[in-house]
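The structure is given below, and queries will be raised subsequently.
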Amino acid sequence: MPISEPTSLLELTQEELTQLLASWGQPRYRADQVWAWLYGKLAADPAGMTDLPKALRERLTAQTRVDPLKLIIQQRSSDLQTAKWLFRLPDGLTIETVLMLYDERSTVCISTQAGCAMGCVFCATGQAGLARNLTPGEIVAQVLAAARWLADDERRKTMDENDATIMALGPSSSVLRLTNIVVMGMGEPLANYDRTWAALRRITDPGAFGLGARHITLSTVGLPQGIRKMADEPLQINLAVSLHAPNDDLRTQLVPINHRYPIAEVLAAVKDYIARTHRRVTFEYALMAGINDTPALARQLAGLLKGVLCHVNLIPLNPVAESPYQPSSPENATAFQKILEVNHIPATVRMRRGIDIDAGCGQLRRRAALGTGEGMKG
Ligand code: SAH
Ligand code: SF4
């Protein structure tokens with residue numbers, strides 16, 4: 001299958017890459033080499049694939065490209081612990097990817113759609129509607145971009161103060177490589193199920209990027225069929241469900257898709273998921289002042305989740321410009337958490353990361369809460 005227009009190599013499965021190179025008269029082991037360059041050595045440019053014959057490198061450069069993403073903007077938070085990238089897709093749409101650095105891990109938050117059709121009222125991505133699904137290559141490329149950035153020697157040579165701190169941790173420090181992924185960027189991953197899972201398989205494949213599935217968390221607005229489908233996947237990706245309210249009246253106001261899939265249906269799917277996988281599920285709850293953060297609602301939530309193998313992540317809302325919704329005060333957040341804990345529902349309050357670069361960003365900001373520690377244990 002000759003490629004007439006430059007196609008991203010990241011869109012190809014290993015078999016498709018082998019077929020493409022075979023159509024150029026190349027033996028299978030050449031395709032294996034290219035694959036290893038893409039996913040193992042994080043090559044961004046065929047010119048750097050030094051063990052390939054020059055003619056093959058030139059043909060790859062002329063007829064393909066590695067990366068479907070073009071970096072438009074990079075921002076670092078003032079504490080330098082968070083980097084946010086705005087990427088342009090081949091058709092001109094843009095998506096966001098966020099990398100968060102911790103002492104012993106680094107977590108990338110990836111998008112699965114350009115926009116989102118779900119319309120959650122507190123979410124900037126939801127306000128803009130859905131443009132289209134991302135392809136597997138566009139999803140994988142966000143992970144590779146983060147991994148490349150972490151591994152970039154040139155960046156380390158020109159390190160800023162914070163990078164000096166990272167360097168002081170030594171070359172074995174995990175912050176120099178990607179340790180966790182949260183599928184919590186723009187879009188609803190279970191509304192783009194097959195492409196998202198094709199990407200997750202590539203990311204976890206030991207012959208490709210090879211990150212352990214247990215280091216990956218997928219967050220969904222709560223689509224019951226998708227949750228049940230996830231339960232049958234062999235890959236042990238962690239599941240997080242965005243609940244945000246303990247009753248249908250309030251949840252439908254905040255998360256309009258609740259009208260179609262009310263709490264009882266979401267919870268039934270989650271319980272099936274737990275019964276099949278024996279894995280703890282995280283419920284996300286963005287705390288909004290005076291909206292969903294009262295003690296009475298905390299008690300209602302505790303009642304709803306009684307006996308469910310779960311953990312609740314309470315995240316004070318990231319305010320979105322021109323939105324009436326505001327974050328709960330730290331006191332109210334703590335009081336809410338205490339009520340859950342007294343009722344034997346494990347809960348943590350997560351503070352926001354990189355708040356200064358999150359302005360105007362759909363919802364990428366809150367990914368700090370998951371795939372990142374206690375919430376996922378047990
Ligand atoms: N569509 C999926 C995944 C992307 S959104 C989902 O909804 O789960 C990732 C998380 O960010 C969700 O829990 C979502 O409710 C939350 N979120 C969206 N806007 C937010 C905001 N302004 N402040 C805090 N969390 C927000
Ligand atoms: Fe879509 Fe998730 Fe935002 Fe809701 S919170 S609009 S499901 S991205």
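For the stretch 87-120, name all the residues that are under 16 Å from Pro189 (Cα atoms) and either of a type in the set (Lys, Arg) or more than 16 Å from ligand 2 (Cβ to nearest atom) (or both).
The one that is under 16 Å from Pro189 (Cα atoms) and either of a type in the set (Lys, Arg) or more than 16 Å from ligand 2 (Cβ to nearest atom) (or both): Val108.
I would also like to ask the following. Test Gly375 against the criterion of being part of a helix (DSSP H, G or I) and at pLDDT below 55, and give yes or no.
yes
Another question about this same structure. Which members of the stretch 202-228 meet the condition of being charged (D, E, K, R) and under 16 Å from Asn238 (Cα atoms)?
Within the stretch 202-228, Arg214, Arg228 qualify.
Additional query: Within the stretch 331-351, restricting attention to residues that are loosely packed, with under 15 Cβ neighbours inside 10 Å and under 14 Å from Met288 (Cα atoms), which residue is nearest to the chain's Cα centre (by Cα)?
Among those residues, the one meeting the criterion is Met351.
Answer yes or no: is there a residue in the stretch 73-84 that is under 21 Å from Leu176 (Cβ atoms), in contact with an Asp or Glu (Cβ under 6 Å, 6 or more places away or on another chain), in the same structural domain as Leu144 (by TED's automatic domain parsing) and among the polar types (S, T, N, Q).
yes
Against the conditions (1) assigned to a helix (DSSP H, G or I); (2) modelled with pLDDT under 95, where does Asn332 fall short? Just the number, please.
It is condition (2) that Asn332 fails.
Can you tell me which of Arg201, Arg177 is more than 16 Å from ligand 2 (Cβ to nearest atom), at pLDDT below 95, in the same structural domain as Gly129 (by TED's automatic domain parsing) and among the basic types (Lys, Arg)?
Going through Arg201, Arg177 in turn, just one is more than 16 Å from ligand 2 (Cβ to nearest atom), at pLDDT below 95, in the same structural domain as Gly129 (by TED's automatic domain parsing) and among the basic types (Lys, Arg): Arg177.
Can you confirm whether the stretch 107-128 contains a residue that is under 24 Å from Asp205 (Cβ atoms), surrounded by fewer than 19 Cβ atoms within 10 Å (Cβ to Cβ) and over 18 Å from the mean Cα position of the chain (by Cα)?
So far as the stretch 107-128 goes, no, none of its residues is under 24 Å from Asp205 (Cβ atoms), surrounded by fewer than 19 Cβ atoms within 10 Å (Cβ to Cβ) and over 18 Å from the mean Cα position of the chain (by Cα).
Those residues that are on the phi < 0 side of the Ramachandran plot and either surrounded by 17 or more Cβ atoms within 10 Å (Cβ to Cβ) or within 12 Å of ligand 2 (Cβ to nearest atom) (or both), I need them from the stretch 237-249; list them, please.
Passing the criteria: Ile237, Asn238, Leu239, Ala240, Val241, Ser242, Leu243, Ala245, Pro246.
Now for a different question. Return yes or no: is Arg214 within 22 Å of the chain's Cα centre (by Cα), assigned to a helix (DSSP H, G or I) and assigned by TED's automatic domain parsing to the domain that holds Ile315?
When the stated conditions are applied, Arg214 passes them.
On to the next question. Hand me the list of helices (runs of 4 or more DSSP H) wholly inside the stretch 1-96 holding 3 or more residues that are surrounded by 20 or more Cβ atoms within 10 Å (Cβ to Cβ) and at pLDDT 95 or above.
14-23, 28-39
The values are calculated or read from the model by the stated rules, or taken from the named source; none is laboratory data. What you see is a predicted model, and the numbers here were worked out from it, not measured in a lab. With ideal geometry, Cβ positions are generated from the backbone for all residues, glycine too; neighbour counts draw on all protein chains shown.
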